[in-house]
Amino acid sequence: MRFSCCVTLFYPTEDELDCITNYRENFERVYIFDNTEGVDCKRNKDYFANKVGFTYLSNQQNDGLSVAFNIMCQRAVTDGFDYICIFDQDSFITSSDLSKMKSFIEKSPSNKVGIYVPYIMYSHLNEDKAILKGGVDSIEVDWAISSGSFINLSVFNETEGFDENYFIDRLDYDYCYTIRDLGYKVVRINNVFLHQNLGEERKVLFRNVSQHNVIRHYYIFRNRLYFYIKKDKVSLYSLIKLCSISIKHLLQILLSEEQKKRKIKMIIISCKDFINGKMGKYNEH
């Protein structure tokens, strides 16, 4: 069984680049797709130029995550890999946990599993690993974020890949539902942990909450509308759920985030763009 991994870059720091090179210890090949724009991506290209086992890809523009994932997954298929593990540049997982993940897949292969995922430890939550380890080894889940996901490439070949209308946000959720519609499972390995940063942390009412920048709220809101109103997903239940989540999103901005006016304005723009069929990368009006 052959394993590869992929990382999407976007103006990475030197430390982040150094961390990415460590993935080579666990994977036969590491695919890099650089969304850093213009001449700024030259430093990243030079960094990986002479490193064995790395494939650097870039269009010198920000193509978004869905395009990046599709290109890297397709390259991995062409190169004969069975799985590709997706990482963000700011995610962290130990080499030993990656080994456990690969060992689990090799020892428990199933042609009915489309994605294997680790347990995600978010930076703003205080979760006890010891408690999590006390349960079952694995569990089927409805969906998982892309970072840390081991994508079964034979299943990927049965899909149209990641929906490129998303650009960023919700594409991983959508892909999980796509493969589940095809009869495949998303399985979480409970004793493997990936540490993930989620937005910017802020203390509100004695607890840490995560908040996003203005443009991220645009993608979150617009892509949520697209997902729930996408073909084959429209129902009374989905519309009620869409309204509920959207109201909660707006209340979170009003009650706990900074730059409230700018973020609400961006959400209004996201609704207009969705109605007018403007998907993909946000373009300033």
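Worth a mention:
- Close pairs (7 angstrom Cβ cut-off, 6 or more residues apart or separate chains): without any contact (Cβ under 8 Å) to a residue 60 or more places away in the chain and under 18 Å from Leu57 (Cα atoms) in the range 9-22, open to solvent by 40 Å² or more (accessible area, probe 1.4 Å) and part of a loop (DSSP other than H, G, I, E, B) anywhere: Thr21/Lys51
- Considering only residues in the range 71-92 that are hydrophobic (A, V, I, L, M, F, W, C) and over 14 Å from Phe156 (Cα atoms), the one that is modelled with the highest pLDDT turns out to be Phe87.
- Some residue of the range 54-73 being among the acidic types (Asp, Glu) and either farther than 23 Å from Met279 by Cβ or open to solvent by 50 Å² or more (accessible area, probe 1.4 Å) (or both): no
- Being at pLDDT 95 or above and in contact with a Leu (Cβ under 6 Å, 6 or more places away or on another chain) is a condition met by at least one residue of the range 261-281.
- Residue identified as touching a Phe, Trp or Tyr at 6+ places or on another chain (Cβ under 9 Å) and free of Cβ contacts under 8 Å to residues at least 24 places away in the same chain among Ala49, Ala68, Ala76: Ala49
- Here Asn197 passes the criteria (1) within 28 Å of Phe87 (Cβ to Cβ); (2) at pLDDT 90 or above except the one numbered (2).
- Filter pass, Ile120 being in a strand (DSSP E or B), within 26 Å of Gln211 (Cβ to Cβ), open to solvent by less than 40 Å² (accessible area, probe 1.4 Å) and at pLDDT below 95: yes
- Qualifying position, being out of contact with any His (no Cβ under 9 Å at 6 or more places or on another chain), on the phi < 0 side of the Ramachandran plot and assigned to a strand (DSSP E or B), among Tyr47, Tyr56: Tyr56
The values are calculated or read from the model by the stated rules, or taken from the named source; none is laboratory data. All figures in this text were calculated on a predicted structure; none of them were measured in a lab. Cβ sites come from the backbone with ideal geometry, for glycine too, and all protein chains shown count toward neighbours. We work out accessible area using only protein heavy atoms, side chains counted, and drop any ligands, DNA or RNA first. Shrake-Rupley method; radii C 1.70, N 1.55, O 1.52, S 1.80 Å.
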